[in-house]
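Taking it in order: structure first as structure tokens, then the write-up.
Rule-based calculations on the coordinates, nothing more; no lab input. Bear in mind the structure is a predicted one, so any value in this text is a computation, not a measurement. Neighbour counts run over all protein chains shown; Cβ positions are idealised from the backbone, glycine included.
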Amino acid sequence: MKPVRLAAVALTTAALLLPLSAAPAAAGPHSGHQAAPHSNARFDRLRWAAPDDFLIGTAVAGGGHHLEQDYPDPFTSDRKYRRILAQQFSSVSPENQMKWEYIHPEQDRYDFGMADAIVDFAERNGQAVRGHTLLWHSQNPAWLEEGDFSEEELRAILHDHITTVVGRYAGRIQQWDVANEIFDDQGNLRTEDNIWIRELGPDVIADAFRWAHEADPEAELFFNDYNVEGINAKSDAYYDLIQDLLAQGVPVHGFSTQGHLSTRYGFPGDLEDNLRRFDELGLATAVTELDVRMDLPESGEPTEAQLEQQADYYQQALEACLAVEGCDSFTIWGFTDKYSWVPVFFEGEGSATVMTEDFVRKPAFHALRDTLKDARHERNPWGPWSPW
Ligand code: G3I
């Protein structure tokens, strides 16, 4: 059975993102509570430069590696950060705040504080939300990973979690990363480190999608992973699995590639082809966590040539997504180096985002903005808000 494509166009209209009373006449991700800037300043912002039916997103910094740094929680404490987050982006993804260890810290206790704050912020600013994530091998709480549960109990725990979390935000989350990183780079299911697959078998993946769909029939349900930009053993594994699931009528709606790239390696030139083959299965596609890290010189400052190369990677990734009809959500994994996860994980590497630690725009920012503007003009050259 061919899956129904949940048209992002429909899901990204302001009418769905906002309370009815708040939705202005001109629908689209550009029409939120946040007033559209007038004049040319409008197209200086990514969300306004983008085509009407295209979401440009970022991770919302908090939890995870931030807890080990000497700054307070970025999302709640950094006013400049929040302002740019609202001004520039039409979609947001909680970086850590919806992961199991944050939202379900004890077996009988959920903590929705941070997740609620992000969803409320997004609504106030006319932004879509990508939910991240429901079934993963990482960032699970100790009570779960170290607990002594029967198969029946584990299924009940996962069912309760998905029903509770997805149900809480029903109608307010555009896309959910239901299953995150379930294959290794060789295309083998993570049967050892993913507690769900290990204990309950691979069929639990289909159940996770079914339960999420029951809890929010409007949300687009995704498989999400890294190192699946190109056509390779890992993305092939997704391609095969998704076809099987669709044939069984499992509500899978999307495939997304994270896009944690490095200038150490060439740009994955087959990104567009890869997205397109999933598109041809009738799925939505998305880029969900793009960043482009680099080896920093001794000074710690990237050279101009490095920044240009980085901008080129950002641009190529965006162009690949724009070229595929159903790829209408493009998210970067943070917009400022101040809060990037990269230097914490990769010694000697950094400068992976589109703004410096002081929020100064890099060539990558301009490349994204100009590429979005071009696409907006191309899709609707005579539109009232054509940037040219
Ligand atoms: O597990 C330890 C824990 O034992 C220790 O007590 C605690 C001390 O603060 O640290 C814990 O690990 C941290 C982990 O988050 C759990 O909160 C890591 O040090 C920290 O680096 C980690 O960071 C997050 C990472 O996911 C975890 O995988 C990052 O903030 C977050 O940006 C990153 O995001 C992931 C996406 O979710 C999925 N795709 C890849 C992407 C980048 O890794």
### GluC sites (Glu not before Pro) lying in DSSP loop within the range 214-282, provided at most 14 other Cβ fall within 10 Å
Glu218, Glu280
### Query
DSSP beta bridges in the chain, what fraction antiparallel, as a percent rounded to 5?
15
#### Entry: Computed over the range 34-118, Cα set: Rg, Dmax in Å
15.5, 52
### Message
Per DSSP helix of 4 or more residues, -39500 (n - 2.57); summed, then divided by the residues of the chain. What does that give at 222 nm, rounded to the nearest 500?
### Response
-11000 deg cm²/dmol
### Task
Please give every one of the lysines within straight-line cross-link reach of Lys362, meaning a C-alpha to C-alpha distance under 22 Å, and leave out same-chain neighbours fewer than 8 residues apart.
Lys80, Lys338, Lys373
### Task
Among DSSP beta bridges lying fully in the range 258-373, give the percent that are antiparallel, nearest 5.
30
### Query
With springs only between Cα atoms under 10 Å, which of Lys373, Lys362, Lys80 fluctuates most in a Gaussian network model of the chain?
Lys80
### Task
Mind jotting down the distance between the C-alpha centroids of the range 339-388 and the range 41-67, whole Å?
9
### Message
If you fit an axis through the alpha-carbon atoms of helix 363-379 and take the longest principal axis of the Cα set of the chain, what angle between them do you get, 0 to 90°, nearest 10?
### Response
90
#### Entry: C-alpha long axis of helix 203-215 to longest principal axis of the chain, angle in °
60
### Task
Compute the Cα gyration tensor for the range 259-379, then decide on rounded, prolate or oblate, letting a ≥ b ≥ c be the square roots of its eigenvalues: rounded whenever a/c is under 1.5, prolate when a/b is larger than b/c in the other cases, and oblate in all that remain.
prolate
### Query
Build a GNM of the chain with springs between Cα atoms under 10 Å: which of Gly63, Gly126, Gly269 gets the top mean-square fluctuation?
Gly269
### Task
Could you work out how far helix 113-124 tilts from the main Cα principal axis of the chain, as a 0 to 90 degree angle to the nearest 10?
40
### Task
Within the range 316-351, report the GluC sites (Glu not before Pro) that DSSP leaves as loop and that have at most 15 other Cβ atoms within 10 Å.
Glu325, Glu347
### Message
Given an 8 Å cut-off on Cα distances and at least 6 residues of separation, report the relative contact order of the chain as a percent.
### Response
18
### Query
For the range 71-158, which GluC sites (Glu not before Pro) are in a loop by DSSP, counting at most 12 other Cβ atoms within 10 Å?
Glu146
